[in-house]
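Trainee: After the structure tokens below, expect a handful of questions from me.
Values quoted throughout were computed directly from the atomic coordinates according to the rules given, and no laboratory measurement underlies them. Small disclaimer: the values here were computed from a predicted structure and weren't measured. Here Cβ is always computed from backbone atoms with ideal geometry, including for glycine, and neighbour counts include all displayed protein chains.
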Amino acid sequence: MLMRSFLNNSLSALVLGAALMAATPSLADRANTISVNGEASISRAPDMATISVGVTTTGKTAAEALTQNSAEMQKVIDRLKASGVGDAQMQTSGLSVNPNWSNSNYSSTSEVEGFTAMNSLRVGIRDLDKLGELLDAVVADGANTLNGVNFGLIDPRPVLDEARKEAIVDARAKAELMAAAAGVKLGDLVSISEVGGYGGGPSPAFRMDAASVPVQRGEVDYQATVSMTWEIAD
């Protein structure tokens, strides 16, 4: 019985090994290929900005800190709405109430000396001509935290598509150059995939004591990268 089981297992292993060898192509069966990455970057003037403003308040109790914070943040929201910013362009991005301890060691003798409430608001601004004035206004109305400005395009898809096309052209030019240098020609396209895309831009400088915050829009860059593989023609 033991010998029969051993023979059966050995036979099964041989059959499985033969099947795997048949399904796995040899190196000679694989086509020679050329693989390259193509890149492109397109710059455009932004038509929108996203700002992050916040209100930080303190109070003897959590309720006091939060109540004061809510009142100040409401002033900021009202000013934004009065300036033409719609509800869909504003989103609360952070809200917290934390105790203030008497020391930073959090030992058993630490005591709570009050509370700090923080509320952050992410805002999309489409009228960039009023951006500096709006920043100055919300700070005057109670916002005491400003976490930067990001510029972008309301609809980046056309620019990204243009960058993708240019990236493909760049990839083919590289492949043809490599093929010519190697004394071969490109064959059929085997694969093409997008490696990644990105849009970003410069951050402006602020001067809070100015009559109106100076903002430099600059340009935003949108990049595309593609990976392409061709067979080498016989």
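Trainee: Select from the range 142-194 those trypsin sites (Lys or Arg not before Pro) which occupy a DSSP coil region and have at most 15 other Cβ atoms within 10 Å, ordered by residue number.
Mentor: 185
Trainee: For the range 35-105, run through the GluC sites (Glu not before Pro) and keep only the ones in DSSP coil with at most 16 other Cβ atoms within 10 Å of their Cβ.
Mentor: Within the range 35-105, no GluC sites (Glu not before Pro) qualify (loop, at most 16 other Cβ atoms within 10 Å).
Trainee: Through the Karplus equation 6.51 cos²θ - 1.76 cosθ + 1.60, θ set to phi - 60°, convert the phi angles of the range 61-78 into ³J(HN,Hα) values in whole Hz; use x for Gly and Pro.
Mentor: 10, 4, 5, 5, 5, 6, 4, 5, 4, 4, 5, 5, 5, 4, 4, 5, 5, 4
Trainee: Quick one: what Rg and Dmax do you get for the range 48-152 from the alpha carbons, in Å?
Mentor: So, for the range 48-152, Rg and Dmax equal 16.0, 54 Å respectively.
Trainee: Looking at the range 58-145, which chymotrypsin sites (Phe, Trp or Tyr not before Pro) are DSSP coil and have at most 12 other C-beta atoms within 10 Å of their C-beta?
Mentor: Qualifying residues, ordered by number: 106.
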